[in-house]
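K.L.:
Have a look at this one before I ask anything.
The values are calculated or read from the model by the stated rules, or taken from the named source; none is laboratory data. Since we're looking at a predicted model, the values are computed, not measured. Quick reminder, even Gly has a Cβ in these numbers, built from the backbone with ideal geometry, and neighbours come from all protein chains shown. Just the protein is used for accessible areas: all its heavy atoms, side chains included, with ligands, DNA and RNA removed. Shrake-Rupley method; radii C 1.70, N 1.55, O 1.52, S 1.80 Å.
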Amino acid sequence: MFRAPFAFRLLAAALCLLAGVFAPIAVSAQDNTSQIRELIAAMPDASLRELEEIVSSLAATGNTDVVPVLEALGEGDLYFNEETGDVVIVTRNRMYDPVTEEEIAPVGETDLSRIRVNNGLRRDIDATIGGMTLMADDPQTRISAARTMGASPDEENIPLLDEALAAETDPAVRTAMENARAVTILGMPDATLEQKRQAVPIVSRTSGGAAIVTLRSALNEDTPEELRADIESAIAGLEQERAFWQAAQNVWFGLSLGSVLLLAAIGLAITFGVMGVINMAHGEMVMLGAYTTYVVQETIRQNSPELFDYSLAIALPLAFLVTALIGVAIERGIIRWLYGRALETLLATWGLSLILQQTVRSIFGPTNRQVGNPSWMSGSFDFYGLSITYSRMWIVVFAIVVFAALLVVLNRTSLGLQMRAVTQNRRMASAMGIRTPFVDAMTFGLGSGIAGLAGVALSQIDNVSPNLGQGYIIDSFMVVVFGGVGNLWGTLVGALTLGIANKFLEPYAGAVLGKILILVFIILFIQRRPRGLFALKGRAVDA
Amino acid sequence: MSKALDTMLYLNGVSVSFDGFKALNSLSIIVKPAEMLAIIGPNGAGKTTMMDIITGKTRPDAGEVYFNGRTDLTKLDEAAIANLGIGRKFQKPTVFESQSVWDNLEMALKKPRGIFSTLFYASDREDKDRILDILETVRLAGRKDDLAANLSHGQKQWLEIGMLLAQDPKLLLVDEPVAGMTDAETVETANLLREISKTRSVVVVEHDMSFVRDLDTRVTCLAEGTVLAEGSLEQVSANPTVIERYLGR
Amino acid sequence: MITQALFRALDKKAIWVVAILLVIALAVPAANLLIPPGSPGHVPNYLVTLFGKYLTYAMLALALDLVWGYCGILSLGHGAFFALGGYAMGMYLMRQIGDRGVYGDPVLPDFMVFLNYSELPWFWQGMDQFWFAMLMVVLVPGLLAFVFGWFAFRSRVTGVYLSIITQAMTYALLLAFFRNDMGFGGNNGLTDFKDILGQPITATTTRASLFAATAIALALSVFICSMIVNSKLGKVMIAVRDAESRARFLGYRVEYVKLFAFVVSAVIAGIAGALYVPQVGIINPGEFAPANSIEVVIWTAVGGRGTIIGPIIGAIIVNMGKSYFTGALPELWLFALGGLFVFVTLFLPKGIVGLIGQWRGYSEWRNRPAPPSDGAPSGEAHASDLAERGENTKTVTRAPQPKPAE
């Protein structure tokens, strides 16, 4: 799987090479410009039948410069000046010469008449352009021309494809052309059985639903037995492959959802697992992190737009600080008075969440705020059969980094050591000189700060509104409870399991029902294992 | 099993471990009907875990636990075991603090425990007399309407012993009954337990040696989840291992 | 024996609450119908409906108090039982519309015609009969509570875990009822009711009767709750709340005690929901929202949990406040509600009733320890753990300190 970058580089190198090879051919095709001019000049007075002939004559020149003219004709952008008889291309904002593509001084619209075409001619034009672009300089253009032919098979294309294939050396283009040819042959009534049987494996080389559709449509009552067997086994293979990629896609979406859940839940796992505090305002910490991102981006937009790509890097530490400070304030102000009364803490922090939501609503308004993706987070790339958006990918990476960083903090720093000590035996820790109230405040601050980081990430894929946190709080609780508290690995496994399970259920049950099923599953799961997947065992637990 | 026949409590080869730590290691103990057994031993010897196993709070990894010669306790839960006639007094006195002394005893009184029989329960003359008797016995008659939370530590101990009596169990498990009691109260408690043990089986866990001496009964010393020594208090406290591991010199 | 239990239910303050509610049940409709508008003493129509709604909330809060205040089960999903009762009533009211709907279908409610249902789903059968619908009002929430509680309590899910899964329960129902293909009207819920028991639902007399019915239902609920909490079972419930495993060692089946309280509570909540729907004229999935259920908790906490009168007072006061705020200062309502949560948990753990009790210097209130925290594991196990680790349990001070979740 990780050979992909290498394959891409290889491809790029090959493309550069080919561009060099084809350049001279393109130059040699320039000689017939005057012939083209004549043909174009004949267009205004031509009947539809004559136009058809002109189009095929233009194609016969083999010069790809005629492609824009043909395109303009097909799209109804080709006009002629009624006084001078000059043919021009008119697009929405400019008017230019069809051959030289030089701008022409605009004339009044009344002087221009459109050169009319009908649907039959339009189809001819499309096919002709397809044939022409098969010879274009740009390999990408050639590929898309071949794909267009594959999408609307026409046996007249076969000679064009054969001709193009004879000259083609670019493997990617060849593949596309061979595929288009095979698809066309499969659809042709008078192709020989042998030809068709050869076409089947070529069609099934391209994965995806299109190949299956093509193969299916080649099946009918008259299909000879050998061909039927070929096609059916090819379809079976393709479906298997499709199922695999579908599963891979689900796993990826699941990982992506899981990492979002992980980000939202991991701070909760700390406050709940280490301190036994149910922080219902945790979702609002996430929301505040997202709003911090918004404020950072707004400031950047107004003051130095060139920094926009760094906005998330600036927002991360700020969001952490803001939410961590609020967290510490909450712990010192409210939660510490309620230790040992878990349910009261739950209620008080719920009240806090209402206050925080309303505060944000009062300051920023109830509507969604626009948080943009930096350039490196927008767009997507194809990975074999998968289409992966950069934002989702970076969030998965970010979740892993946060998780790893948290493990390091807990296991390798003195604060982590103190936190673990306080968790295991508060009195003993306090007797050894650990300032337990300080550790409590720091723990809560850490949990809240991580929620803030999650908010920065979520601002990239979700609507930033005062209700942002509400959508995650129940899911986060499910993750923590499912994974088992007091165990970060449990949270990781819980988040990913729930994420993937959710995405696998969705195609069968629909998004909402899938979610309901997950909730019901967790409710039942807790009955079986009241302390979650990775619960600690021991006498204390039985209490 | 056959060996268990004429015993009240029969533990054979009971082991349990928590996360690798062996709390009980092949522990075997027998208590006969109408017999008192005092258990001593250092912290972590497994005394509380043993009680947890007898009362169904913890399941043993291995071993047999029989009550009254035939009932396998490892198959039952706490409520079922309590209803068989096993009463437990906890190390830390655990009474229902927001309820009155009287209510505490009323709940402990041996009566049907079902939902509807408790919903429609009305105390009759006999029940009231029984509770008054117990209040006399545990010297709380004057405080019957006070909240249990307002009792002193020693009084809570007495209340819990009273609740044990109200349950009318065949076997009493008593964990550190005299902590927080004055010397006079300690002597009283020992007398009370001796009295009880004439008709029922009693297992007492205690650190207070003078109290154990007052009990004047068979003693078992536990250490590291297994029996270290058995016999009279004199015999056990003369045992060199016991001196080394528990009593110290 | 049973007569004694009934008699016991009416002692102490409960008899006053029941009596006052019965007087209200008569007086308010009378003042609405018999005293002409404009005269002093006339109760306007909107107030009858508004307070009728408050009384259904009071019932819901009382139901929650039975499980939370007395049994230590903090349910964050009681709104679900309320909503289920409401839906059962709503289904009956929908069937009463008959062919007066927009589409004029004699059997199918409008939304079903709209969603191309060809026939009534099986679970709508029989809902045109009042007695059957009322049976469902009691049965559906009761059954859900029974099944949910049976599993949860038997496997000893307690404390915050229980709270979280009750929240998950109502959340799952919220999502489910939002779906159009559930057959409950989806997003829009059930509304546009016309008749109840043949009477036009918006008529003044119907409104007044509904109010009276609600007040009587609340009085009955007070009576039943009072009977339960004043019985020995009520004492056992408090014992379960304060020291669950101790109650178990006394031989009580804690799971059955909880299950009983939970089912009774769910049924009361369901009836409250059924009375709520005809008075507000709509039931939609929003009633399942977890936030609603948590709000009920604060009504109970404000009034004073572990008392009969507390939740009733709390529900009415908080909702009057809500009506005022959402009308006059809508932006401030969430601040006020949020602040109330924080204030009550920090400074008013016993609620208004507890506060009044303190002012009046009742010794029982002075002496009463704060209700121990609900789902907190009972003390003895931890004490014994501490002792095993060589610490002196006799001097353990119970200062508030965080304890990792178990």
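K.L.:
Given the protein chains as shown and a 1.4 Å probe, how many square angstrom of residue A:178 are accessible, to the nearest 10?
P.N.:
Roll a 1.4 Å probe over it and residue A:178 shows about 50 Å².
K.L.:
On to the next question. Among all helices in chain B defined by DSSP H, which have a length of 15 Å or more along the axis from Cα atoms plus a Kyte-Doolittle mean of at least -0.5?
P.N.:
Passing helices, by number: B:153-167, B:183-196.
K.L.:
Quick one: what do you get for the stretch C:143-289 if you divide its Cα Rg by 2.2 N^0.38 Å?
P.N.:
1.28
K.L.:
Additional query: Within the set B:22/B:156; B:110/C:350; B:57/C:235; B:47/B:128, which residue pairs have Cα atoms separated by over 30 Å?
P.N.:
In this structure, B:22/B:156; B:110/C:350; B:47/B:128 lie more than 30 Å apart at Cα.
K.L.:
How tilted is helix A:225-275 with respect to the longest principal axis of chain A? Cα atoms for both, answer in degrees (0 to 90, nearest 10).
P.N.:
Computed tilt is about 30 degrees.
K.L.:
Any of B:111/C:13; A:503/C:258; A:515/C:232; A:503/C:53 with alpha carbons more than 32 Å apart? Name them for me.
P.N.:
A:503/C:258; A:515/C:232; A:503/C:53
K.L.:
What accessible surface, in Å², does a 1.4 Å probe find on residue C:46, ignoring ligands, DNA and RNA and rounding to the nearest 10?
P.N.:
150 Å²
K.L.:
Using a 1.4 Å probe on protein heavy atoms only, how many Å² of accessible area do B and C hide from each other, summed over both chains and rounded to 100?
P.N.:
Buried: approximately 4000 Å² between C and B.
K.L.:
How large are Rg and Dmax for the stretch A:246-486 when calculated on the C-alpha trace, in angstrom?
P.N.:
Cα only, the stretch A:246-486: 18.3, 59 Å (Rg, Dmax).
K.L.:
Work the Kirkwood hydrodynamic radius out for the protein assembly as shown: mean of 1/r over every pair of different alpha-carbon atoms, inverted, in Å.
P.N.:
36.1 Å
K.L.:
For the stretch A:268-320, compute Rg over Rh where Rg is the Cα radius of gyration and Rh is the Kirkwood radius from the inverse mean 1/r over Cα pairs.
P.N.:
The Rg/Rh ratio comes out at 1.18.
K.L.:
Report the local net charge at residue A:162: Lys and Arg +1, Asp and Glu -1, summed over other residues whose C-beta lies under 15 Å from its C-beta.
P.N.:
Values: positive: A:142, A:174, A:181; negative: A:154, A:155, A:156, A:163, A:168, A:178.
So the surrounding residues net to -3.
K.L.:
Principal axis extents for chain B, Cα atoms only, whole Å, descending order, please.
P.N.:
53, 40, 35
K.L.:
How large are Rg and Dmax for chain A when calculated on the C-alpha trace, in angstrom?
P.N.:
Spelled out, the Cα radius of gyration and Dmax of chain A are 32.6, 103 Å.
K.L.:
Sticking with this one: Pick out which of C:157, C:102, C:263 has the largest mean-square fluctuation in a Gaussian network model of chain C, springs linking Cα atoms closer than 10 Å.
P.N.:
Result for chain C, Cα springs under 10 Å: C:102 fluctuates most.
K.L.:
Got a sec? Which residues of the stretch B:72-102 lose 20 Å² or more of accessible surface with every protein chain in place, vs. that chain alone, 1.4 Å probe?
P.N.:
B:77, B:78, B:79, B:82, B:88, B:90, B:91, B:92, B:94, B:96, B:98, B:99
K.L.:
Considering only protein heavy atoms and a 1.4 Å probe, what is the carbon-and-sulfur percentage of the accessible area of chain C?
P.N.:
Carbon and sulfur together cover 66 percent of it.
K.L.:
Just to confirm the number: angle between the C-alpha axis of helix A:511-528 and the first principal axis of chain A, 0 to 90 degrees, nearest 10?
P.N.:
The angle comes out near 30 degrees.
K.L.:
Just tell me, in residue order, which DSSP H segments of chain C are both 20 angstrom or longer along the helix axis (alpha-carbon based) and at least 1.6 in mean Kyte-Doolittle hydropathy.
P.N.:
Result, helices passing both filters: C:14-33, C:130-154, C:159-178, C:254-280, C:332-347.
K.L.:
Continuing with the same structure: So with the 1.4 Å probe, I'd like the accessible area per residue for chain A, rounded to whole Å². Numbers along the way, then the final one.
P.N.:
Numbers: 25610 Å² over 543 residues.
Per-residue accessible area for chain A comes out at 47 Å².
K.L.:
Oh, and also: If you roll a 1.4 Å probe over the heavy atoms of the protein chains, what accessible area per residue do you get for the stretch B:2-247, in Å²?
P.N.:
On a per-residue basis, the stretch B:2-247 sits at 38 Å².
K.L.:
Order the following by accessible area, largest value first: B:170, C:235. Probe radius 1.4 Å; ligands, DNA and RNA are ignored.
P.N.:
B:170, C:235
K.L.:
Same structure, new question: Carbon and sulfur: what percent of the stretch B:2-247's accessible surface (1.4 Å probe)?
P.N.:
Here carbon and sulfur together make up 48 percent of the probe-accessible area.
K.L.:
Output the antiparallel fraction of DSSP beta bridges having both residues in chain B, as a percent to the nearest 5.
P.N.:
Percent antiparallel among DSSP bridges in chain B is about 55.
K.L.:
Could you compute the net charge surrounding residue B:132? Neighbours are other residues with a C-beta less than 12 Å from the C-beta of residue B:132; K and R count +1, D and E count -1.
P.N.:
-2
K.L.:
With every protein chain present, what is the per residue accessible area of the stretch C:256-364 (1.4 Å probe, Å²)?
P.N.:
Counting only protein heavy atoms, the per-residue value for the stretch C:256-364 is 34 Å².
K.L.:
Taking chain A as the reference, fit the longest principal axis to its C-alpha atoms, fit the long axis of helix A:171-187 to the helix C-alpha atoms, and give the angle between the two in degrees, 0 to 90, nearest 10.
P.N.:
With both axes taken from Cα atoms, the answer is about 70 degrees.
K.L.:
In the Gaussian network model of chain C, springs joining C-alpha atoms below 10 Å, which of C:173, C:337, C:275 carries the largest mean-square fluctuation?
P.N.:
C:337
K.L.:
As a check on your grasp of the helix formula, calculate [θ] at 222 nm for the protein assembly as shown: sum -39500 (n - 2.57) over DSSP H runs of n ≥ 4, divide by the residue count, round to the nearest 500. Intermediate results must be reported in sequence, preceding the final value.
P.N.:
Values: 47 runs with 721 residues, N = 1198.
Per the formula, -20000 deg cm²/dmol.
K.L.:
Determine the order of C:288, C:111 by accessible area, beginning with the largest, at a probe radius of 1.4 Å.
P.N.:
Working: C:288 0, C:111 30 Å².
Descending order: C:111, C:288.
K.L.:
Continuing with this model, one more query. Have a look at C:356, C:15, C:24 and tell me which one the Gaussian network model of chain C (Cα, springs below 10 Å) gives the largest fluctuation.
P.N.:
Greatest mean-square fluctuation among the candidates belongs to C:356.
K.L.:
Which residues of the stretch C:131-163 bury at least 40 Å² of accessible area once all protein chains are present, versus their chain alone (1.4 Å probe)?
P.N.:
The answer is C:155, C:156, C:160, C:161.
K.L.:
Estimate for me the total accessible surface buried between chains A and C (protein heavy atoms, probe 1.4 Å, no ligands or nucleic acids), in Å² to the nearest 100. List each step's numbers first, then the result.
P.N.:
Working: alone 28420 and 20280 Å², together 43520 Å².
Buried: approximately 5200 Å² between C and A.
K.L.:
If we count every other residue with Cβ under 14 angstrom of residue A:389's Cβ, Lys/Arg +1 and Asp/Glu -1, where does the sum land?
P.N.:
Net charge around residue A:389: -1.
K.L.:
Expressed as a whole number of Å, what is the distance separating the alpha-carbon centroids of the stretch C:147-191 and the stretch A:476-521?
P.N.:
After rounding, the separation between the Cα centres reads 16 Å.
K.L.:
Go through A:478, A:135 and list them by solvent-accessible area, largest first, probe radius 1.4 Å.
P.N.:
Working: A:478 5, A:135 80 Å².
These residues rank, largest area first, as A:135, A:478.
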